[in-house]
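Undergrad: Sharing a structure with you now.
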Amino acid sequence: MNFVVDLGNTYAKVGIFERTHLVDHQDKLTQEELVHFINQEKPSHLLVSSVNHNTKDILTQLNKEIHAIELTYQTPMPIQLQYQTPETLGVDRIAAAVGAYQLAPGKNCLAIDMGTCITYDFIDAAANYQGGGISPGLSLRLKSLYYHTAWLPLVEINPETPLLGRSTQASIQSGVFCGTLAEIEEIASKYSKRYQNLQVIVCGGDANLFKNKLKIPALIVAELVLIGLNTILNHNVEI
């Protein structure tokens with residue numbers, strides 16, 4: 001049994017795999033809950049990935065018999081990083097790119113991860129990670145309007161809000177959601193014009209909000225990062 005851990009800024013997510021098949025996942029675990037869960041289940045193989053670099057705190061609390069791998073840009077993986085500053089590359093972006101490679105091998109892929117930030121990660125048909133882009137996610141856009149203006153309220157996103165907002169709340173919801181939708185479609189369109197047979201894969205916590213909204217061919221795979229982490233783990237187990 002493979003366990004892969006995606007450590008966010010607040011909570012952890014665990015993916016449980018039988019080889020390449022995701023059989024279960026646990027969301028919103030605190031560090032204490034995560035350590036207890038891993039020590040109780042004793043996975044055969046474990047990969048830990050963190051966007052805030054607190055991995056050592058987790059690893060030191062695990063039972064000694066659990067062999068864990070910490071994901072860094074130097075970890076062996078089935079793709080080649082062509083990024084100019086790989087030491088600054090977020091491991092979540094690496095995992096999304098590897099997940100895209102796993103689901104669409106031999107194709108040009110654009111992975112769009114919709115979380116706190118929206119990340120665009122391109123991996124070419126020869127399994128070379130080239131880079132991409134980063135922009136604010138939905139929550140960050142809503143909060144920035146609230147915290148950096150005098151009168152605009154903090155509202156929740158509503159994917160069903162019409163383009164034409166007829167109240168301040170609806171206008172914010174329309175601007176943020178429709179603006180993000182337009183951003184995604186335009187960026188994906190530019191990549192598809194540059195790279196033939198492009199496979200677009202959308203993932204992350206906000207991915208399902210855009211299901212049936214995108215006017216571009218795209219797969220919605222919410223757990224793409226976990227799939228990528230497991231692919232990296234299997235690659236290291238086989239070395």
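The values are calculated or read from the model by the stated rules, or taken from the named source; none is laboratory data. Treat the numbers as computed from the prediction; the structure is a model and nothing was measured. FYI the Cβ positions are ideal-geometry reconstructions off the backbone, even for glycines, and counts take in every protein chain you see.
Undergrad: Condition (residue is in contact with a strand residue (DSSP E or B) (Cβ under 7 Å, 6 or more places away or on another chain) and either surrounded by fewer than 21 Cβ atoms within 10 Å (Cβ to Cβ) or assigned by TED's automatic domain parsing to the domain that holds Leu29 (or both)) applied to segment 94-106: is it met by at least one residue?
TA: yes
Undergrad: Being surrounded by fewer than 19 Cβ atoms within 10 Å (Cβ to Cβ) and touching a helix residue (DSSP H, G or I) at 6+ places or on another chain (Cβ under 7 Å) is the filter here, so list the residues in segment 206-219 that pass it.
TA: Listed by number, the residues that qualify are Lys213, Leu214, Lys215, Ile216.
Undergrad: Right, another one. Kindly indicate the residue of segment 163-186 that is in contact with a Ser or Thr (Cβ under 9 Å, 6 or more places away or on another chain) and assigned to a loop (DSSP other than H, G, I, E, B) and also surrounded by the most Cβ atoms within 10 Å (Cβ to Cβ) among those meeting that condition.
TA: Out of the qualifying residues, it is Gly165.
Undergrad: Report yes if some residue within segment 13-29 is closer than 26 Å to Phe122 by Cβ, among the β-branched types (Val, Ile, Thr), assigned to a loop (DSSP other than H, G, I, E, B) and not assigned by TED's automatic domain parsing to the domain that holds Gly133; otherwise report no.
TA: yes
Undergrad: Being within 20 Å of Leu209 (Cβ to Cβ), surrounded by 20 or more Cβ atoms within 10 Å (Cβ to Cβ) and over 11 Å from the mean Cα position of the chain (by Cα): is that true of Leu138 here?
TA: yes
Undergrad: Write out, first by first residue and then by second, each pair whose Cβ atoms fall under 7 Å of each other, whose residues are 6+ apart or on separate chains, and whose first residue, in segment 146-165, is in the same structural domain as Leu181 (by TED's automatic domain parsing) while the second is among the charged types (D, E, K, R).
TA: Leu154/Lys143; Pro159/Lys213
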